[in-house]
Amino acid sequence: MVFLPSTASAASAVDVSLKRSHVDYSRYLSAEARSRLPNPIKSIWKAAQVKPGTINMGNGDPHHTLYPISEVNFVVPSIDEHDPVQSWRSGTGEQNIIASYKDEPCALSLRTAFAYGAGAGLKDVRDALADLNDRIHSPPNHTVSLSLGNADALTKCFRLLGDPGDSFLCEEFTFSAMTNAALPLGIEWVPIRMDNNGLVPSDLERILSNWDEGKQGKRPHVLYTIPCSQNPTGSTLSLERRQQIYQIAHDWDIIILEDDPYFFLQYDLGVSQSTIQQYGHTRAMAEVLPRSFLSMDYDGRVMRLDSFSKIVAPGMRLGWVTSNSYFADKLDMLTDSSSQHPHGMGQAFVAELLGSNGWGVDGFMKWILSLCNEYQRRRDLFMDVFRQKVATSGFATAEVPQSGMFVWIKINLEHHARFSASQTPTVPGGPTTNTADLMDELFRKLLNNGLVMMPASTFAIADRTGMMGSHINDRVNFFRATFVGTDETIRNGLTTFGRTLEEFFL
Ligand code: PLP
């Protein structure tokens with residue numbers, strides 16, 4: 001593998017060579033990914049499919065005439081409603097049936113959807129998602145592979161890129177369900193500082209330029225980031241930060257894992273009605289959605305992970321990975337020999353929904369816009385109740401999130417009678433405050449009073465490099481709360497929260 005020496009001049013030498021030559025993506029791969037052989041059965045089948053009319057006596061596939069199903073009807077809201085989410089919620093709107101058949105014409109026959117398929121997913125679905133990608137991100141030279149959602153995609157990406165002893169970069173508070181999944185692979189996490197606006201680019205640059213390979217091992221070659229509604233902090237990276245981060249990734253030869261399940265849930269969008277009327281919802285949304293890392297990716301260093309979990313339903317277990325075709329092939333090989341492929345029912349549904357008998361891509365974007373309006377209403381309700389029931393005491397504060405599902409609530413522990421801070425840590429490199437203990441106490445009090453909010457400690461990435469400067473336990477004075485629940489949940493939950501804070505502080 002080629003890794004860069006730590007000076008910026010050396011970085012720009014590689015920069016030039018990257019631009020000059022065809023990029024050799026194999027150098028980013030883990031030993032596991034490099035040694036993986038293709039699934040030989042799928043390889044033969046792919047080769048055989050080139051010749052039409054080939055008789056298949058090779059595979060152990062049940063015959064489609066024996067599938068005990070002939071038709072699936074999906075009852076969905078009519079996308080012709082003015083505000084489809086509101087009509088659907090109130091039960092007043094029209095409904096449509098979109099059908100998949102085994103033997104009748106439809107977007108994706110159940111014969112195909114329910115048979116064994118390629119790890120990358122079925123072509124019809126991949127094409128529809130590539131079309132959606134093109135309209136939103138216009139990525140140059142990228143390939144779409146289906147996944148079983150972002151958790152599946154991420155864990156596969158970790159295996160693709162990480163060897164035992166590798167260090168990967170991530171936000172200092174992150175979706176620990178995923179970072180934990182990398183630990184048994186021997187991958188260590190290096191946290192990057194965040195502020196109210198998410199990952200701080202200058203800290204990323206600082207960590208990389210101060211990295212000492214002699215002492216710390218191989219410089220990180222992967223950044224895992226959640227750019228929209230960062231889980232847990234709810235922050236969304238500005239365009240300026242995205243451009244800076246992409247440039248740093250380019251300079252230091254880093255692959256960006258762009259985990260973006262909340263991308264489509266953006267608020268205060270100011271979508272142009274005249275663009276909708278003239279060009280449709282997709283173009284109007286593309287104008288106002290944030291610019292993804294994928295959309296900036298001219299040298300194939302972004303692996304973008306999208307999911308249907310937050311915009312259709314998590315039980316769909318369906319998502320898509322967009323990457324350079326080399327990584328896509330390697331991912332597909334892993335899927336071919338593990339989960340095989342995403343399930344057929346989900347693929348049939350998506351093919352029909354996005355196809356000409358369903359909503360189509362533009363109808364899907366209309367649904368998403370309508371969904372954004374509903375989640376924005378819930379966010380606004382949450383923030384209103386928060387101001388009335390919580391913020392008045394001064395014990396907690398929160399920023400208004402621009403996207404996604406989370407509010408990152410700061411507990412102003414310095415007002416607590418038992419809060420203590422010292423100049424020096426009791427153990428070298430340790431915390432200088434009792435923040436973690438007080439937060440643990442508050443968490444338990446909330447639980448006793450019947451409320452669960454996720455404490456920041458759940459998401460905190462401990463710094464093993466000594467490069468962080470201060471201990472993360474001094475910054476865990478936050479809770480992650482979600483505003484996606486019902487109005488009643490929001491009102492009751494925040495009332496309990498406000499009351500418990502008063503008990504705790506007074
Ligand atoms: N990544 C992040 C940041 C998430 O918040 C979640 C789910 O909450 C996932 C990945 C997993 O998503 P999926 O349901 O697509 O596997």
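The values are calculated or read from the model by the stated rules, or taken from the named source; none is laboratory data. Just so you know, these numbers come straight off a predicted model, no measurement behind them. Every residue, glycine as well, gets a Cβ built from its backbone with ideal geometry; the counts of neighbours run over all protein chains shown.
The table below lists the values:
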| quantity | calculated |
| --- | --- |
| Subset of the stretch 326-354 [among the polar types (S, T, N, Q) and modelled with pLDDT of 95 or more] | Thr335, Gln347 |
| The lone exception for Arg387 - which of (1) in contact with a Phe, Trp or Tyr (Cβ under 7 Å, 6 or more places away or on another chain); (2) farther than 30 Å from Arg464 by Cβ; (3) basic (Lys, Arg) it fails | (1) |
| Among the residues listed as Leu146, Leu208, Leu204, the single one being in contact with a His (Cβ under 9 Å, 6 or more places away or on another chain) and crowded, with 22+ Cβ neighbours inside 10 Å | Leu146 |
| Test set (1) touching a strand residue (DSSP E or B) at 6+ places or on another chain (Cβ under 8 Å); (2) within 18 Å of Gly498 (Cβ to Cβ) - Thr433 fails condition number | (2) |
| Residue in the stretch 314-325 that is buried (at least 22 other Cβ atoms within 10 Å of the Cβ) and assigned to a helix (DSSP H, G or I) present | no |
| Every residue from the stretch 221-270 that is away from the ligand (no atom under 14 Å from the Cβ), polar (S, T, N, Q) and touching a residue at least 60 places away in the same chain (Cβ under 8 Å) | Gln266 |
| Enumeration of residues in the stretch 32-88 that are among the polar types (S, T, N, Q), within 30 Å of Tyr375 (Cα to Cα) and not in a helix (DSSP H, G or I) | Asn73, Ser78 |
| Unmet criterion (only one of (1) within 23 Å of Gly315 (Cβ to Cβ); (2) touching a Leu at 6+ places or on another chain (Cβ under 7 Å)) for Met345 | (2) |
| Val50 being among the hydrophobic types (A, V, I, L, M, F, W, C) and at pLDDT 95 or above | no |
| In the stretch 75-101, the residues that are of a type in the set (Val, Ile, Thr) and in contact with a Leu (Cβ under 6 Å, 6 or more places away or on another chain) | Val85 |
| Scope the stretch 399-438; condition surrounded by 14 or more Cβ atoms within 10 Å (Cβ to Cβ), in contact (Cβ under 8 Å) with a residue 40 or more places away in the chain and outside any loop (DSSP other than H, G, I, E, B); matching residues | Ser403, Phe406, Val407, Trp408, Ile409, Lys410, Ile411, Leu413, Thr433, Thr435, Ala436 |
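Let's see how each residue does on (1) touching a residue at least 40 places away in the same chain (Cβ under 8 Å); (2) hydroxyl-bearing (Ser, Thr, Tyr); (3) within 16 Å of the ligand (Cβ to nearest atom):
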site: Pro290; (1), (2), (3): yes, no, yes
site: Arg304; (1), (2), (3): yes, no, yes
site: Tyr326; (1), (2), (3): yes, yes, no
site: Glu352; (1), (2), (3): yes, no, no
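For (1) closer than 28 Å to Ala460 by Cβ; (2) not in a loop (DSSP other than H, G, I, E, B), each residue gets a yes or a no:
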| position | (1), (2) |
| --- | --- |
| Pro232 | yes, no |
| Thr236 | yes, no |
| Gln247 | yes, yes |
| Pro261 | yes, no |
| Arg283 | no, yes |
| Ser295 | no, yes |
| Ala328 | no, yes |
